[in-house]
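K.L.:
The structure that follows is given in the form of structure tokens.
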Amino acid sequence: MRKPVIAGNWKMHMTCARSRDFMASFLPLINGTPNDRHIVIAPPFTAISTISEAIQGSRLELSSQNVHWEDEGAFTAEVSPLMLLEHQVKYAIVGHSEPRKYFSESDEQINKRARSAQLHDLIPIVCVGETDEQRERGEAERVIRRQVEQGLEGIEPSRLVVAYEPIWAIGTGKTCEAEEANRICGLIRGWVGFKDLIIQYGGSVKPSNIDEIMNMEEIDGVLVGGASLEPESFARIANFNSF
């Protein structure tokens, strides 16, 4: 049985003070959320310790927005898995389209990050997805398959989350049609060859479309950006199909 993972990626938003205020409002809103799903927040690194303290005793789980492949060293601006484990972090997002785009992260680097995460008992959330231009040229499946094959080499699929995030739908207000997202997620599951692989959809997920997305057979959760920054909005997403 695949247990959905509902994850909010705060990106470069939220100070520690705002994070505390968010949790004070958000945690009561998920007290009655069914236990058939994981609920995860990925704050900026500066707020990880604040969130870790705030969620003690709750069902909310913690993710980082990245992780390095070394335990320590001369890697300015990076964060090691040991640093994350100290704050009870359980997941680590790797390969998000923004580091791929702005910092030229390669599939090889993403694979090293994911391997490091698993080595330290973190669950990597590995993001894959195509640009608008690649989809227009009919290259979406080839691009995603390459990202899957190279990014997930040597990764244990039973301790992995894959997030399908079409880049053209991230922060644009455009949402991939649920049926098409479902089709791509099914292809990814087939390429990996593990029927219990957890696969999320990400890209302009919001309260108005969460129920439709989560009714898709191949989709096991969502990776949420902007809609995770408001407690009521993210609570509605976490409580999909609960009303």
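K.L.:
Starting from the alpha-carbon convex hull of the chain, give the projected area averaged over all orientations, in nm².
P.N.:
12.1
K.L.:
Rounded to whole Å, give me the distance from the Cα center of the stretch 9-83 to that of the stretch 179-243.
P.N.:
Comparing the Cα centres of the stretch 9-83 and the stretch 179-243, I get a distance of 19 Å.
K.L.:
Quick one: 3J(HN,Hα) in Hz for the stretch 10-15, Karplus 6.51/-1.76/1.60 with θ = phi - 60°, rounded, Gly and Pro as x.
P.N.:
Result, rounded to whole Hz: 6, 6, 9, 10, 5, 7.
K.L.:
Here's something else I'd like to know. Over all Cα pairs of the stretch 75-187, how is the pair count split among 10 Å bins, expressed in % and running from 0 up to the last occupied bin?
P.N.:
13, 44, 31, 11, 0
K.L.:
In whole Hz, what ³J(HN,Hα) sequence does the stretch 47-60 give by Karplus (6.51, -1.76, 1.60; θ = phi - 60°), x for Gly and Pro?
P.N.:
Once θ is set to phi - 60°, the couplings for the stretch 47-60 become 9, 4, 5, 4, 5, 4, 5, 5, 9, 4, x, 9, 8, 6 Hz.
K.L.:
As a test of the formula, what do you get for the chain when each DSSP H run with n ≥ 4 contributes -39,500 (n - 2.57) and the sum is divided by the residue count, at 222 nm and rounded to the nearest 500 deg cm²/dmol?
P.N.:
Estimated from H runs of four or more residues: -10000 deg cm²/dmol.
K.L.:
If neighbour count is taken as other Cβ atoms inside 10 Å, put Thr46, Thr175 in order from fewest to most.
P.N.:
Going from least to most buried by this count: Thr46, Thr175.
K.L.:
Please sort through the DSSP H helices of the chain and keep those with an alpha-carbon extent of at least 20 Å along the long axis and a Kyte-Doolittle average not below -1.0.
P.N.:
Span-like helices, by this rule, are 178-192.
K.L.:
With 10 angstrom as the radius, rank Leu60, Leu152 by how many other C-beta atoms surround their C-beta, starting from the fewest.
P.N.:
Leu60, Leu152
K.L.:
Now for a separate question. Which cross-chain or sequence-distant (5 or more) residues have an amide H under 5 Å from the amide H of Glu61, H modelled 1.01 Å from N in plane?
P.N.:
Ile39, Val40, Ile41
K.L.:
5 Å is the cut-off here: which amide hydrogens, built 1.01 Å from N in the peptide plane, fall below it relative to Gly202, excluding neighbours closer than 5 in sequence?
P.N.:
Under 5 Å from the amide H of Gly202: Tyr164, Glu165, Leu223.
K.L.:
Same structure, new question: If neighbour count is taken as other Cβ atoms inside 10 Å, put Trp168, Trp191, Trp10 in order from fewest to most.
P.N.:
Trp191, Trp168, Trp10
K.L.:
In whole Å, what three semi-axes, largest first, describe the equivalent ellipsoid of the stretch 15-96 built from its Cα gyration tensor (square root of 5 times each eigenvalue)?
P.N.:
25, 14, 10
K.L.:
Given H placed 1.01 Å from N in the peptide plane, which residues other than close sequence neighbours of Ala92 have an amide H under 5 Å from its amide H?
P.N.:
Ser64, Ile123, Ile125
K.L.:
Return the Rg/Rh value of the stretch 33-140, two decimal places, where both radii are evaluated on C-alpha atoms and Rh is the Kirkwood radius.
P.N.:
Reported Rg/Rh, Kirkwood definition of Rh: 1.02.
K.L.:
Further question on the same structure: Taking a cut-off of 23 Å between Cα atoms, list the lysines near Lys11, but don't count ones fewer than 8 places away on the same chain.
P.N.:
Here the lysines satisfying the reach criterion relative to Lys11 are Lys90, Lys101, Lys112, Lys174, Lys206.
K.L.:
Follow-up question, since we're still on this one. Pairs of alpha-carbon atoms within less than 8 angstrom and 6+ residues apart define the contacts here; what relative contact order does the chain have, in percent?
P.N.:
With pairs under 8 Å counted, the relative contact order is 22 percent.
Each reported figure results from applying straightforward, stated rules to the coordinates on display, with no laboratory input. None of these values were measured; they are calculated from a predicted model. So basically every Cβ, Gly included, is an ideal-geometry build from the backbone, and we count neighbours across all protein chains shown.
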